[in-house]
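The values are calculated or read from the model by the stated rules, or taken from the named source; none is laboratory data. Every value quoted in this text rests on a predicted model; they were computed, and no experiment measured them. Glycine also receives a Cβ, built like all others from the backbone with ideal geometry; neighbour counts cover every protein chain displayed. We work out accessible area using only protein heavy atoms, side chains counted, and drop any ligands, DNA or RNA first. Shrake-Rupley method; radii C 1.70, N 1.55, O 1.52, S 1.80 Å.
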Amino acid sequence: MKIINKVVNIFVALCLLLSLSVNAYSDVNLDTSADTSIQIPEKYFYNSGIDSASELKQFFDELKIDIASNNKQGVAAKISYPISIRISKERVLSVKTRADFIAHYDEIINQQVKDAVSKQDFNEIRGYSSGVRIGRGVIWIGAISLGNDDPAKIKIYAINNRSLKRITGTATE
């Protein structure tokens with residue numbers, strides 16, 4: 001009987017300690033839905049040519065804000081020129097300068113691109129040897145260097161803004 005009493009007393013004491021520790025942390029916000037931290041290793045995108053995950057995160061966060069706020073100049077500054085963008089089945093837009101990009105912004109950054117960027121969680125971005133894709137390949141980002149002495153800069157090098165449906169191996173609009 002004494003052993004049972006000791007076990008019960010220890011159990012009660014443990015429960016009391018547990019309840020005190022839970023009360024001590026009751027003011028802590030446990031909501032992680034708006035988590036903006038980087039949960040991937042810093043060198044995760046190394047094989048994509050991007051040395052720093054935190055640098056890519058900064059670029060991605062700025063891109064998200066620029067697109068959401070319709071900041072055409074901000075998005076244009078993130079593009080590697082020249083860039084060719086297929087606008088429709090028959091039309092490829094060759095964009096050579098920031099001014100060209102801004103003039104055709106609404107054609108290039110259509111709703112599909114806006115949705116892909118706004119819904120993309122940074123911690124779910126994957127890197128490939130050809131770069132980093134946003135929204136299942138709607139936007140491709142890479143480290144672009146203009147010469148031997150020019151340090152590589154993170155830039156958008158492809159935008160796939162057409163909605164394609166695959167039907168028996170052929171693409172249709």
(request) Mind listing whichever residues of the stretch 76-106 are assigned to a loop (DSSP other than H, G, I, E, B), out of contact with any Ser or Thr (no Cβ under 9 Å at 6 or more places or on another chain) and open to solvent by less than 70 Å² (accessible area, probe 1.4 Å)? (result) Ala77, Lys78, Ser80, Ile87, Ser88, Thr97, His104
(request) Take the stretch 121-139 and flag every residue that is in a loop (DSSP other than H, G, I, E, B) and either modelled with pLDDT of 95 or more or open to solvent by 30 Å² or more (accessible area, probe 1.4 Å) (or both). (result) Asp121, Ser129, Ser130, Arg136
(request) Pairs only if they're at least six apart or on different chains, beta carbon under 9 angstrom, first in the stretch 67-85 and on the phi > 0 side of the Ramachandran plot, second surrounded by 19 or more Cβ atoms within 10 Å (Cβ to Cβ); list them, first residue then second. (result) Asn70/Ile109
